[in-house]
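> Quick one: this structure, given as structure tokens, is what I'll be asking you about.
The values are calculated or read from the model by the stated rules, or taken from the named source; none is laboratory data. Please read these numbers as outputs of a predicted model, since none were measured by experiment. For neighbour counting, all protein chains shown are included, and Cβ atoms are generated from backbone atoms with ideal geometry for every residue, glycine included. Side chains are part of the model used for accessible areas, which takes the heavy atoms of the whole protein and leaves out ligands, DNA and RNA. Shrake-Rupley method; radii C 1.70, N 1.55, O 1.52, S 1.80 Å.
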Amino acid sequence: MPPKASFTREDGLYHSFCGLVSVGWLYQKIKDSFFLILGTHTCAHLLQNTLGVMIFARPRFAVSLLEEGDLSSSQPQIADQIDEIKREHRPSVIFLLSSCTPEVMKVEFEGLAHSVSTPEVPVLFVPASGLDYTFAQSEDSVLQALLPFCPVAPPDDRRVVFLGSVNDAIADDFALEAARLGIPVAGFLPANHFHELPPIGPGTVIAPLQPFLPKVANQLVNERECRVLSSLFPFGPDGCRAFWEDLAAEFGLTVDLSEREAAAWERISAHTELLRGKKVFFAADTLLELPLARFLRAAGAEVLECSTPYINRRFHSRELKALEGVRLVEQANFERQLRSIADEQADLVISNIITANPLIGRGVVAKWGTEFIFSPIHGWAGVNTLVGLFTRALRRHAQLDPLGLDPVWTAGVMPSAPREVIPLQRQ
Amino acid sequence: MRLAYWMYEGTAHHGVGRIMNSMRGVHAVFHAPQGDDYVTTIFTMLERTPAFPAMTTSVVSGTDLARGTIRLPETLRQVEASRHPELIVVVASCSTILLQENLEIAARSSGVACDVLVYDANPYRMAETSAADGLFTELVKKYASAQPLTTQPSVNILGPSSLGFHARHDLIALRRMLQVLGVAVNVVAPWGASVDDLRRLPAAWLTIAPYRELGGRAAEYLEAQFGTTALREAPIGVQPTLRWLDALVAGLNTVAARLGAPAVTLPPLTAFSLDGMSAPSNVPWFARTADMESFAGKSAFVFGDATHTVGVVKFLADELGMPIAGAGTYLLKEADWVREQLEGYVSDEQFLATDEFQTVAARMAELRPELVCGTQMERHSARRYDLNCMVIAPPTHIENHLLAYRPFLGFDGADVIADEVYTTCTLGMEKHLIDLFGDAGLEHPDEPVEQPVAAAPPNGAEPHPQATLAGPALAVAEMATPTTVAAPTVLAPVWRHDAEAMLKKVPFFVRGRVRTNVEKYARERGYAEITAEVLLAAKEAIGA
Ligand code: SF4
């Protein structure tokens, strides 16, 4: 029975992106893939402004652009474009992502994907539109689409499959650590190539590495009858210890990692010293917020609030338990957050890229949350990077000459800026 | 339907955001799904805004659609309560416009006290530029009201806007020139303007609207409605600036005569320089110097928006004497105007109007000009084809948002553009000369492959290899130009006087490399001395 963690749900008037942004890391993770978004000028503009403008190394993603004339036909023709993609990029698999406009047009995506799919190059439908998906959530959709292509493992194949895209270095770390503990590894979902997907069956233990994959975890239980590890996510010494001890237990192994954990804390003590007692406010949107807040709290910080787009009582149950007593908010209202940040005098705000500069402009130390998505913060090897991301902002801010909130230093920078700065921080 | 990778223009709602983030006391509300909020990032990161941009996405979710709820009225109430704007502009998105909702009624039901304008921007017919200009014109029509002219000569400056190309710098350049003339600025809009400022527009004697993309239509409206003369030329380059000043003075003096006020006079041109006693621009002399001989015959290809494409083509041709290999614009609605303006500079075959970057890249590859003036897209294509490129028009990259004063307009702008042309081409020329002498002995690390690398994490840790999601600001995809490494020094042959003298004639910036190559040539052939003969033979052998 999932615990009755208490969190509030607000009206969702916060700043964020849509599910299309997951393409930014997934097309690189799955090296023989192509991501085709059936979308509009808006989706193309979003991709080019969030995925790193103008990456010219022939990106393996594109937008099949719906223009005015295409709005009347209920089933767009994408066959020619699929051919063009196959010709130019030779992918092993094409993901067809939905977006808002075709959703409103009620395009039947399953059928559309099916109509252009071949056994050689499957075209898989991935729901990702901004109407229903935010940020990293669409990785969940991609993995669900991949699942049917994972070979079925026999019941006696008792091995672990790590769930969630991580880079090769992290993957190696996890494989190595598992070997060290005597845990047999079947592979990673997703794998680097479409044809390297791991076998999954009733004997498989799924170990989630990313906290934004509740749906595929559920589907794995329903369709392959495997077990999904319920533990902390492997971030920070506390998270890693729980993760590996619990995973070992799934294989009947009893391991005690208390010393390992203590040593890891010891190694980052210079950082935790700085974090101790600091008031941290999570106003980010990456869906990593729960485990990050849990780690910070274990590191001695005071977490004033942890807002995150979605909380899943079952998938996040252990994190929720570890966060008991912390104010948790789903679908936050940004203006309310601003008031809370001011009232409670946060020392550090984990925000998103959209709001970081304006928050800093109000005298807050703000850390751009997306960096956590892009930094190797998993596992024992990631502990240092993880804690460093939090402390760097604090250190750098402390090191710079105090600017105060004298508006002279921002005069003329922003034409619409109110003439008065409304500080969130008391000076 | 077509396959799109990169777009020149942003969306209609981005255009609306640009106007709203330019003005004070106004706010944009996007009736749109969550992801459409991405446009806010472009402002906060590229412009490094110290405050929250005046825009809010009133989120529309799949659940809302299923339940038939519309959150717009509540969002309007929240925006009014927290931001107290005088005006809220509501705009639908590419998806919500298909819902055929009546946003007027929804907005009215919110009961907010401020003005609410539901701006009808069909994202399938309008992109960034026309949506921005359309909205700005509509606002000017809505608010500008008849009133007496200012007693002193004054002008409006229409067009500078948030995310406008070097707009802040251009505005400084314009203000500087006006100050020298003793002409007051009545209103700048949309940059920094409030609704009240828009009301005051007709008090000016004349309107300056240098950008074809934004402000021109509003200036024409003011002219038609209130008789405010519109000066629509863009003072890009020295000669156009001189003509522009004459037109400005003449326009103001027509009003002065009518009012019986004293005439505005043009001071000595040195008054326009930064110290008030030097040449207002160094371009006319610079263009005639020996150094610039090397530009004779260097061809340029120019592609961008309307204003900058036209201005830069004329500048390169008329003021630097460069041949124009081709030019064009991605603003298809302005293509005819650009074409007409460039009559005599480029032929029909040399002109290109397209919004597909691949077509532009193909043209560049075919022409192989010595200089490409383009947008971010051309800069990347130029890297791919090993061409020299400078950015003269949006879309931009964070590296086009530099701190120092870099206008494109006026005398100051002429110097900035000329410097940029010179440094872009000189570095390129160096490379051509190296090629000319063969690059034996010079290690050219391969052009770095442009990987989608996000900004390196500030802690210096390895970036997550899978990491690319970066703000517009953070995509530093290129590396520095590879540096050349000198050949290993073995016993160097001795240079004789005559050869040394000849070597001095080689431009200084490649002299070192020529020396290395010639020495290598001499060593390979066992010459202990380098005489004039050996040098000539080396040049011949290497292909000079
Ligand atoms: S929110 Fe919808 S319309 Fe906007 S970029 Fe995302 S998928 Fe495209």
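> Quick check: anything in segment B:298-305 open to solvent by 10 Å² or more (accessible area, probe 1.4 Å) and of a type in the set (A, V, I, L, M)?
Taking every residue of segment B:298-305 in turn, none turns out to be open to solvent by 10 Å² or more (accessible area, probe 1.4 Å) and of a type in the set (A, V, I, L, M).
> Another question about this same structure. Would you point out the residue of segment A:341-361, among those that are surrounded by fewer than 21 Cβ atoms within 10 Å (Cβ to Cβ) and out of contact with any strand residue (DSSP E or B) (no Cβ under 6 Å at 6 or more places or on another chain), that is nearest to residue A:265 (Cα to Cα)?
A:345
> Tally time: how many residues in segment A:83-114 are under 16 Å from residue A:125 (Cα atoms), in a helix (DSSP H, G or I) and open to solvent by 30 Å² or more (accessible area, probe 1.4 Å)?
Of the residues in that region, 3 qualify.
> Exactly one of (1) of a type in the set (A, V, I, L, M, F, W, C); (2) open to solvent by 10 Å² or more (accessible area, probe 1.4 Å); (3) outside any strand (DSSP E or B) is unmet by residue A:304. Its number?
Status for residue A:304: all satisfied but (3).
> Filter segment B:73-110 down to residues that are more than 11 Å from chain A (Cβ to nearest Cβ) and among the polar types (S, T, N, Q), then give me how many there are.
The number of residues fulfilling the criteria is 3.
> Please find, among B:9, B:80, the residue that is in contact with a Phe, Trp or Tyr (Cβ under 9 Å, 6 or more places away or on another chain), away from the ligand (no atom under 15 Å from the Cβ) and open to solvent by 10 Å² or more (accessible area, probe 1.4 Å).
Among B:9, B:80, only B:9 is in contact with a Phe, Trp or Tyr (Cβ under 9 Å, 6 or more places away or on another chain), away from the ligand (no atom under 15 Å from the Cβ) and open to solvent by 10 Å² or more (accessible area, probe 1.4 Å).
> Here's another thing I want to ask about it. Return only the number of the condition from (1) assigned to a helix (DSSP H, G or I); (2) aromatic (Phe, Trp, Tyr); (3) without any contact (Cβ under 8 Å) to a residue 40 or more places away in the chain that residue B:136 does not satisfy.
Of everything listed in (1) assigned to a helix (DSSP H, G or I); (2) aromatic (Phe, Trp, Tyr); (3) without any contact (Cβ under 8 Å) to a residue 40 or more places away in the chain, residue B:136 misses just condition (3).
> Considering segment B:29-49 alone, what residues qualify as being more than 7 Å from every other protein chain (Cβ to nearest Cβ) and either within 14 Å of residue A:41 (Cβ to Cβ) or more than 13 Å from the ligand (Cβ to nearest atom) (or both)?
Selection gives B:29, B:32, B:39, B:43, B:46.
> Is there a residue being at pLDDT 95 or above, in a loop (DSSP other than H, G, I, E, B) and more than 16 Å from the ligand (Cβ to nearest atom) anywhere in segment B:94-105?
No, segment B:94-105 contains no residue that is at pLDDT 95 or above, in a loop (DSSP other than H, G, I, E, B) and more than 16 Å from the ligand (Cβ to nearest atom).
> Scan segment B:211-228 for residues that are touching a Lys or Arg at 6+ places or on another chain (Cβ under 6 Å) and crowded, with 24+ Cβ neighbours inside 10 Å and report the count.
Residues flagged as touching a Lys or Arg at 6+ places or on another chain (Cβ under 6 Å) and crowded, with 24+ Cβ neighbours inside 10 Å within segment B:211-228 amount to 0.
> Still on this structure: Could you tell me whether segment B:209-228 includes any residue that is more than 29 Å from residue B:130 (Cα to Cα) and at pLDDT 95 or above?
No, the conditions are met nowhere in segment B:209-228.
> Continuing with the same structure: Pick out the one residue from A:64, A:73, A:129 that is within 10 Å of chain B (Cβ to nearest Cβ), out of contact with any Leu (no Cβ under 9 Å at 6 or more places or on another chain), within 30 Å of residue B:68 (Cβ to Cβ) and not in a helix (DSSP H, G or I).
Checking each option against the conditions leaves just A:73.
One line per residue, one yes/no per condition, for (1) outside the structural domain of residue B:299 (by TED's automatic domain parsing); (2) part of a helix (DSSP H, G or I); (3) touching a strand residue (DSSP E or B) at 6+ places or on another chain (Cβ under 9 Å):
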| residue | (1), (2), (3) |
| --- | --- |
| B:333 | no, yes, no |
| B:340 | no, yes, no |
| B:369 | no, no, yes |
| B:378 | no, yes, yes |
| B:383 | no, yes, yes |
| B:399 | no, yes, yes |
| B:402 | no, no, no |
| B:407 | no, no, no |
| B:411 | no, yes, no |
